[in-house]
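Read the structure below first, then the notes.
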Amino acid sequence: TAEYSDILTEKDLKDNYEAAMAALRAKVEDVNKCVVAVDIEQPFSDVPTIESSQTEVAGLVVANINSTYLVLTSSSLLEPGMNYIVRLSDEVQTKAAFVCRNTASGIGIVSINASKLTAEQRNSIAVAQLDNSYMVNQGDLVIASGKLYETSKGVSYGTIAGSKVEYSKDSGYEVFETSVSITAGGFAILFNSEGNVVGVDRGVSKASTDTSTKFIGISDLKAQIETMINEHGIMYCGITGQNVTDELAAKYGLPSGIYISNIDIDSPAYYAGLQAGDVISAINGQSILTIQQFSEKLYQCADGEAMYVTAMRQGKDGYSDVAFSVSVQLKQLN
């Protein structure tokens, strides 16, 4: 009976997997409605080209504001002053305008005028639903859509292999490693089993030996995307820091919080008096433990607004609290 039970278990697992994959495949049509191709504008020709453009990447429709679609794409393609086209399909394309880019996170924004599209074409576009990527777990099934191979709207399926935090200026990103494979020059968007966005291609150069692709969790990008769309910039404090994990705390005797490894010269943090080696423990009187929480507080501020930072600074008698008033900036992006 134990052997028979094992056989049943294996069959159940297979059935569950096949059902999950069928559910994923059913979401592809919805996924493709919010994924487009973004290309540097080429001269129009009556002679169709067989080879795909080397300047083409995927884009994700993230907003529709005042009859303008905003499309998130890779910053590697975007340069101010260039002309772009967005391809809704092989047959439908429209001109796009550069909005801004952030090379640090690897994302950029272009816009297209909805009035230039027919009602049928507008109905073929959907604004992506950005989900909570903090709910993504190891082993989850996912869909990747974008420029995976030679096609700009390819689709692949995979799983979440693991995650870690990568640190950038004033921010940290949860980065998912997946079993999805993308060739060099590709760019893709990651969707969960509900067909909602949970990640954006990390955008780093892919070697031919790479067998997996990393995606930034969308929850760590939402505030930045909104500010890029509305303000054409990002919020700026000027710190580079990392989370004090239990391991770091035990190894170096650090208090809980965000360890500052570097301060930009002439930044708001620099003028406020923050220093490398300080450990940020609270913002506006509220305890914070991660750089993602710091970034969330930063993006709740307006340009020039004071953000009150509590940091632990090491002295002769150990760490003590020091308070700082940081006038954060809206840093314009080109």
Determine the pairs where a residue that is in contact (Cβ under 8 Å) with a residue 40 or more places away in the chain, located within region 267-285, has a partner that is part of a loop (DSSP other than H, G, I, E, B) and open to solvent by 10 Å² or more (accessible area, probe 1.4 Å) with Cβ atoms under 7 Å apart, the partner being 6 or more residues away or on another chain.
279/244; 279/254; 279/255; 281/255; 281/256
Inside region 261-295, can you point out the residues that are assigned to a strand (DSSP E or B) and either of a type in the set (S, T, N, Q) or under 23 Å from the mean Cα position of the chain (by Cα) (or both)?
261, 262, 281, 286, 287
Suppose we keep only residues that are over 27 Å from residue 18 (Cα atoms) and charged (D, E, K, R) within region 134-187. Which one would you say is nearest to the chain's Cα centre (by Cα)?
174
I want to confirm something. Restricting to region 74-129 and keeping residues that are in contact with a Ser or Thr (Cβ under 9 Å, 6 or more places away or on another chain) and assigned to a helix (DSSP H, G or I), which single residue is surrounded by the fewest Cβ atoms within 10 Å (Cβ to Cβ)?
115
I'm checking my understanding of the structure. Among residues of region 306-334 that are surrounded by 14 or more Cβ atoms within 10 Å (Cβ to Cβ) and outside any strand (DSSP E or B), which one is modelled with the lowest pLDDT?
333
Test result for residue 150, in contact (Cβ under 8 Å) with a residue 12 or more places away in the chain and touching a Lys or Arg at 6+ places or on another chain (Cβ under 9 Å):
no
Out of (1) open to solvent by less than 20 Å² (accessible area, probe 1.4 Å); (2) in a helix (DSSP H, G or I), the one residue 249 does not meet is (1)
For region 50-73, name all the residues that are open to solvent by 60 Å² or more (accessible area, probe 1.4 Å) and not small (Gly, Ala, Ser).
50, 51, 54, 64, 65, 66
Residue 161 fails exactly one of (1) of a type in the set (Gly, Ala, Ser); (2) farther than 17 Å from residue 135 by Cα; (3) open to solvent by 30 Å² or more (accessible area, probe 1.4 Å), namely (2)
Write out, first by first residue and then by second, each pair whose Cβ atoms fall under 7 Å of each other, whose residues are 6+ apart or on separate chains, and whose first residue, in region 231-250, is of a type in the set (D, E, K, R) while the second is assigned to a strand (DSSP E or B) and surrounded by fewer than 18 Cβ atoms within 10 Å (Cβ to Cβ).
231/330
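The values are calculated or read from the model by the stated rules, or taken from the named source; none is laboratory data. Since the model is a prediction, treat every value here as computed from it, not as a measurement. As a convention, Cβ positions derive from the backbone with ideal geometry for all residues, glycine included, and neighbour counts pool all protein chains shown. The accessibility values were calculated without ligands, DNA or RNA, using every heavy atom of the protein model including side chains. Shrake-Rupley method; radii C 1.70, N 1.55, O 1.52, S 1.80 Å.
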